[in-house]
1. Could you grab the pairs with beta carbons closer than 6 Å, sequence gap of 6+ or different chains, first residue in region 59-83 and assigned by TED's automatic domain parsing to the domain that holds Ser165, second one of a type in the set (Asp, Glu)?
2. For region 139-148, how many residues meet the condition of being out of contact with any helix residue (DSSP H, G or I) (no Cβ under 9 Å at 6 or more places or on another chain) and at pLDDT 80 or above?
3. Tyr159: over 26 Å from Val81 (Cβ atoms), in contact with a Ser or Thr (Cβ under 7 Å, 6 or more places away or on another chain), at pLDDT 85 or above and not β-branched (Val, Ile, Thr), yes or no?
4. Outside any loop (DSSP other than H, G, I, E, B), polar (S, T, N, Q) and under 22 Å from the mean Cα position of the chain (by Cα), is that true of Thr66?
5. So which residues in region 69-81 are surrounded by 13 or more Cβ atoms within 10 Å (Cβ to Cβ) and assigned to a strand (DSSP E or B), if there are any at all?
6. Do we find a residue being modelled with pLDDT of 75 or more and either closer than 19 Å to Ser160 by Cα or not assigned by TED's automatic domain parsing to the domain that holds Thr162 (or both) anywhere in region 26-42?
Amino acid sequence: MSKNQGFGVVGVILIAVTLVLIGLIAWKLMMPPSSDKTPSQVKSTKKYEDGSKTYSFEYPSDWTPTPTGTDNVELKVPGTVTTELPIGSYQINKGAIVGVYSSSCNDACSLEDTYEGIYKNVDRGTVTLKDGTVAARFTFGYESEPATHTVFYKNGLRYSITFTSEGEEASSPFFPAYTDLVNSFKFIN
């Protein structure tokens, strides 16, 4: 085999690789720019402050907040349908609701106390809020309505930010916005 034949094969390979690279670059330049943001990050947000001006958080502007007490609020995602239950509660038939609740913690005022209670055998993790507060995150609820809870304590109060949907399928489009809400939560005082 002569040196010219070897160079010819290498030359053909180099030309083929060059053409493929040129094609990929041209294809990439013709593609519309992509966004690395999730749908919840692209939507506009509003800021919510509780009645006592203790905390605030951001939520998608198309969600509807309904105060359920001085320091509590529930936010319904668009299209949420509920059925009132005789016990003063409701069942979610479609959509999802995020609740931000606070209550005095009495004897159980730490994450360890939370884990020793009814959540003892529940898989859990932790998240850190904007102000550095460490919170427990776990899923606990009824089969038809799974609920993700983010629980933390501050100044003698137990806070819970809860995401409830009508089923596993419903949680996925709204859950990133729930995560964004939890990440934006901060104490004012």
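1. Correct list of pairs: Thr66/Glu74; Thr68/Glu74; Asp71/Asp50; Pro78/Asp62.
2. Residues that pass the stated criteria total 1.
3. Values: over 26 Å from Val81 (Cβ atoms): yes; in contact with a Ser or Thr (Cβ under 7 Å, 6 or more places away or on another chain): yes; at pLDDT 85 or above: yes; not β-branched (Val, Ile, Thr): yes.
So Tyr159 fits the description; yes.
4. Numbers: outside any loop (DSSP other than H, G, I, E, B): yes; polar (S, T, N, Q): yes; under 22 Å from the mean Cα position of the chain (by Cα): yes.
Yes: the conditions hold for Thr66.
5. Residues of region 69-81 surrounded by 13 or more Cβ atoms within 10 Å (Cβ to Cβ): 71-77, 80.
Passing the criteria: Asn72, Val73, Glu74, Leu75, Lys76.
6. No, region 26-42 has no match at all.
Here is a yes/no grid of residues against (1) under 25 Å from Thr45 (Cα atoms); (2) in contact with a helix residue (DSSP H, G or I) (Cβ under 9 Å, 6 or more places away or on another chain); (3) at pLDDT below 80:
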residue	(1), (2), (3)
Gly88	no, no, yes
Arg124	no, yes, yes
Gly132	yes, no, no
Phe174	yes, yes, no
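The values are calculated or read from the model by the stated rules, or taken from the named source; none is laboratory data. Note that the coordinates shown come from a computational prediction; the quantities given were computed from them, not determined experimentally. Neighbour counts run over all protein chains shown; Cβ positions are idealised from the backbone, glycine included.
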